[in-house]
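Down below is the structure, laid out as structure tokens.
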Amino acid sequence: MGNKNKTVSFRVNEDAFETLQEIAEERDISLSAVFRDYVDMLVAHDGQVAVVPEHEAPEEASVDEAWPPKVEVPKSFVREHERLELEAEHLRDQLDEYKQYVTYLRERVDDENDEEVIHLEDLDGAEDEDDEPYQLG
């Protein structure tokens, strides 16, 4: 069977609730995340968790063997990631080439604009100046 999440519900007094909310705000996480962290710690240490204020914590904190966390990643994921990185690099190169080509074309158009160019807007203005309508034959 799959690993389904279950809901745990219980009541605490108002002072404890406000303190838990403050803890959640300090850690910038939800109140549910505070409980999930505590439950995960409780389960990981087989119920042997002692909550003590920071100033009373032992000086030599035992380093958890699971730190830094290590995750095993399938080779197919690594290969796909590498393939996507190469594709992204190729696309960036293509984009640079296209940008260079656009710059080249713009410079070429600007150079050609030095010659006499008739713009459509200019033709529209010249038509307004002629009062005679064009007549067919």
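The values are calculated or read from the model by the stated rules, or taken from the named source; none is laboratory data. Predicted model, so just to flag it, every value in this text is computed and none were measured. Only protein heavy atoms, including side chains, enter the accessible area calculation; ligands, DNA and RNA are left aside. Shrake-Rupley method; radii C 1.70, N 1.55, O 1.52, S 1.80 Å.
Ratio of Rg to Rh for the range 1-59, alpha carbon only, Kirkwood? Before the final figure, lay out the partial values.
Details: Rg = 13.7 Å, Rh = 13.5 Å.
My calculation of the ratio gives 1.01.
If you roll a 1.4 Å probe over the heavy atoms of the protein chains, what accessible area per residue do you get for the range 1-60, in Å²?
On the way: 5990 Å² over 60 residues.
About 100 Å² of surface per residue is accessible.
For the range 37-50, what does the Karplus curve 6.51 cos²θ - 1.76 cosθ + 1.60, with θ = phi - 60°, yield as ³J(HN,Hα) per residue in whole Hz, taken in order and with x for Gly and Pro?
Couplings: 4, 5, 5, 4, 5, 4, 5, 4, 9, 6, x, 9, 10, 10 Hz.
Please give the contour-minus-distance gain from Ala24 to Asp124: 0.36 nm per residue of separation, less the Cα-Cα distance, rounded to one decimal in nm.
On the way: separation 100, 0.36 × 100 = 36.00 nm, distance 6.96 nm.
Extra length from Ala24 to Asp124 when fully extended: 29.0 nm.
Whole-Hz Karplus ³J(HN,Hα) for the range 87-98, in order, using 6.51 cos²θ - 1.76 cosθ + 1.60 and θ = phi - 60°, x for Gly and Pro?
Here the 3J(HN,Hα) series is 5, 5, 5, 4, 5, 5, 4, 4, 4, 4, 4, 5 Hz.
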